[in-house]
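Structure first, then comments.
The values are calculated or read from the model by the stated rules, or taken from the named source; none is laboratory data. As the structure is a prediction and not an experimental result, all values here were calculated from the model. A quick note on method: Cβ atoms are made from the backbone with ideal geometry, for glycine too, and the neighbour counts reach across all protein chains shown. Ligands, DNA and RNA are stripped out before the accessible areas are found, and what is left, the full protein with its side chains, is counted by its heavy atoms. Shrake-Rupley method; radii C 1.70, N 1.55, O 1.52, S 1.80 Å.
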Protein chains: 2
Amino acid sequence: MSDKIYPTPQDAEAAFYEALERGDYDAMVSVWADDEDVLCVHPGGPRLRGSDEVLTQWKRIFEGGQRLQVRITHQVVISGMLFAVHSVQENITIEGEGPAPQSVVATNVYQRIGAGWRMIVHHASPVPAAAPPPPTEARVGGSATLH
Amino acid sequence: MSDKIYPTPQDAEAAFYEALERGDYDAMVSVWADDEDVLCVHPGGPRLRGSDEVLTQWKRIFEGGQRLQVRITHQVVISGMLFAVHSVQENITIEGEGPAPQSVVATNVYQRIGAGWRMIVHHASPVPAAAPPPPTEARVGGSATLH
């Protein structure tokens, strides 16, 4: 694991999205806490648990060679002494595809570990194209209705 | 807002899922912190922010009359003095539909407020039917590929 230190949760978040855009595996490693209970949910994907599983998947994604541009908006920060929750909208453009970004909402949780902050949770899910939520329910899998 | 006190994050979580199953709006109100930065993402839905928006949507969902049974599995707990993160799989059966549950992964964040704990974040997203994640990428909206 890396011994890089991120003095604030915002520094760790900036490093996370820079690593994602650059496809930089070593930088991604340095962002995450080394723990069996870190958690990562990619958009539309299952939950990954533990540094090994989470980082292996990032390695696979980066090896796929696809490059993304990610513009972060709508950030909400909930901060404590040892934990911070950042909720953001990721506006993602895929290199070589059209200019219209796709929207993903992400819940990122950071923990203070020693002198610095590391990511412990990244939960991302696609935002539906239509802006307003359906009035009485939310969709699962585009068909059945759930909470 | 309710003055009900949940002595632990687990108590708040149990109350959350009981309220969801019963379609009990007042119980749901008692689970959430009263704050403009609480956040809720329903499966496949956009981000809702603030107690008013979050609770209004729960009211609409409950008024829709659909009843759910939710069995919680795969719980991972990350705890601090003032914050707790619970990651769970929700196995949801819709009343009147087939017995096969649908799977949702949820990141629930609780904050200690005074003597008790309240929910501040609920981020839920559908788990794909196929168990293993795709090897190099995760899907967005069932078509385009993203991180």
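From the phi of every residue in the range B:44-57, what ³J(HN,Hα) in whole Hz does the Karplus formula 6.51 cos²θ - 1.76 cosθ + 1.60 yield, where θ is phi - 60° and glycine or proline is x?
With the stated coefficients, the range B:44-57 comes to x, x, x, 7, 9, 10, x, 3, 4, 5, 5, 6, 4, 5 Hz.
Out of residues 5 or more away from B:Tyr6 or on other chains, whose amide H comes under 5 Å of its own, with H placed 1.01 Å from N in the peptide plane?
B:Trp117
Note down the Stokes-Einstein diffusion coefficient of chain B in µm²/s, whole number, using a Kirkwood radius over alpha carbon pairs, 10 °C, and 1.306 mPa s.
Values: Rh = 16.2 Å.
Translational diffusion coefficient: 98 µm²/s.
What residues from the range A:100-121 fall in the zone where the backbone N is under 20 Å from a label point 7 Å along the Cα-to-C-beta line of A:Asp34?
From the range A:100-121, the list is A:110-121.
From the label point of B:Ile72, set 7 Å along Cα to the beta carbon, how far off in nm is each other copy's matching point, shortest first?
Output for B:Ile72: 2.9 nm, nearest copy listed first.
Using a label point 7 Å beyond Cα on the Cα-Cβ vector, give me the inter-copy distances for A:Asp37 in nanometres, one decimal, shortest first.
A:Asp37 label point versus its equivalents elsewhere: 2.3 nm.
Chains B and A: what accessible area do they bury, summed, in square angstrom to the nearest 100, with a 1.4 Å probe? Can you show the working numbers first?
Values: alone 8910 and 8900 Å², together 12900 Å².
For B against A, buried area totals roughly 4900 Å².
When the helix-only estimate is applied to chain B (DSSP H runs of n ≥ 4, each -39,500 (n - 2.57), divided by the residue count), what is the mean residue ellipticity at 222 nm, nearest 500 deg cm²/dmol? Working shown, then result.
Numbers: 3 runs with 34 residues, N = 147.
So the calculated ellipticity at 222 nm is -7000 deg cm²/dmol.
Cross-link candidates for B:Lys59: which lysines have Cα within less than 26 Å, leaving aside residues fewer than 8 places away along the same chain?
Once the sequence-local lysines are set aside, what remains near B:Lys59 is B:Lys4.
Over its Cα atoms, what ratio of radius of gyration to 2.2 N^0.38 Å does the range A:1-73 give?
1.07
Quick one: what are the phi-derived ³J(HN,Hα) couplings along the range A:95-108, Karplus 6.51/-1.76/1.60 with θ = phi - 60°, whole Hz, x for glycine and proline?
4, x, 10, x, x, 6, x, 9, 9, 10, 9, 10, 9, 10
Measure off 7 Å from each Cα along the Cα-to-Cβ vector at A:Leu82 and A:Arg22, then give the distance between these two points in nanometres to one decimal.
3.2
Modelled label-to-label distance, A:Arg71 and A:Ala14, 7 Å Cα→beta-carbon offset: nm?
Result for the modelled spin labels: 1.9 nm.
Once you have a ≥ b ≥ c as the square roots of the Cα gyration tensor eigenvalues for the range A:40-96, tell me rounded if a/c is under 1.5, and otherwise prolate or oblate according to whether a/b is larger than b/c.
It comes out oblate by the Cα gyration axes.
On a C-alpha basis, how far is the centre of the range B:1-75 from the centre of the range B:87-126 in Å? Whole number, if you could?
Each part's Cα centre sits 8 Å from the other's.
If you project the alpha carbons of the protein assembly as shown onto their three principal axes, what span does each projection cover, largest first, in Å?
Principal extents (Cα only, largest first): 47, 41, 30 Å.
Under the Kirkwood approximation for Rh and a Cα-based Rg, what ratio Rg/Rh is obtained for the range B:52-126? Provide the component values of the computation, followed by the final result.
On the way: Rg = 14.4 Å, Rh = 14.0 Å.
With Rg and the Kirkwood Rh in hand, the quotient comes to 1.03.
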